[in-house]
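To start, the structure under review is shown below, and the notes come after it.
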Amino acid sequence: MYCVYILQSINHPEHFYVGLTTDLNRRLAQHNNGASIHTNKFKPWKVRTTVNFDDPAKAEDFEKYLKSGSGRAFCKKHF
């Protein structure tokens, strides 16, 4: 199972991060432990939304979309 996830910073709630993983608990722990330079500045993080896929290509496409301008607007409106 492939999970596209949206994280929200607990201390800076206006900051979000979109990612893709097969192990959400492990990946969230990595973000909160500072293992990712992209999310280290705004830790700790909480899971805001997850969407699961069986097809890795569809998961990658959805993650890419959410990181685009229109995808960010979609997130603000729907998540």
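Scan segment 47-71 for residues that are in contact with a strand residue (DSSP E or B) (Cβ under 6 Å, 6 or more places away or on another chain) and among the charged types (D, E, K, R) and the total you get is 3. What is the number of the single condition among (1) outside any strand (DSSP E or B); (2) surrounded by 11 or more Cβ atoms within 10 Å (Cβ to Cβ); (3) not polar (S, T, N, Q) that VAL18 does not meet? Exception for VAL18: condition (1).
Scanning segment 37-59 for residues that are under 19 Å from CYS3 (Cβ atoms), of a type in the set (D, E, K, R) and more than 12 Å from the chain's Cα centre (by Cα) turns up ASP54, ASP55, LYS58.
Looking at GLU14, is it more than 12 Å from the chain's Cα centre (by Cα) and under 18 Å from PHE79 (Cβ atoms)?
yes
Annotation for segment 34-42: no member residue is surrounded by fewer than 17 Cβ atoms within 10 Å (Cβ to Cβ), modelled with pLDDT of 95 or more and either within 23 Å of HIS78 (Cα to Cα) or not charged (D, E, K, R) (or both). If the condition is being in a strand (DSSP E or B) and either in contact with a Cys (Cβ under 7 Å, 6 or more places away or on another chain) or under 15 Å from ASN11 (Cβ atoms) (or both), then segment 28-60 contributes TRP45, LYS46, ARG48, THR50, ASN52.
In the set (1) part of a strand (DSSP E or B); (2) out of contact with any Lys or Arg (no Cβ under 8 Å at 6 or more places or on another chain), the condition left unmet by LYS64 is number (1). Filtering PHE74, PHE79 for residues that are in contact with a strand residue (DSSP E or B) (Cβ under 8 Å, 6 or more places away or on another chain) and at pLDDT below 95 leaves a single hit, PHE79.
The values are calculated or read from the model by the stated rules, or taken from the named source; none is laboratory data. All of these numbers come straight from a predicted model, not from anything done at the bench. We place every Cβ from the backbone using ideal geometry, glycine too, and count neighbours over all the protein chains shown.
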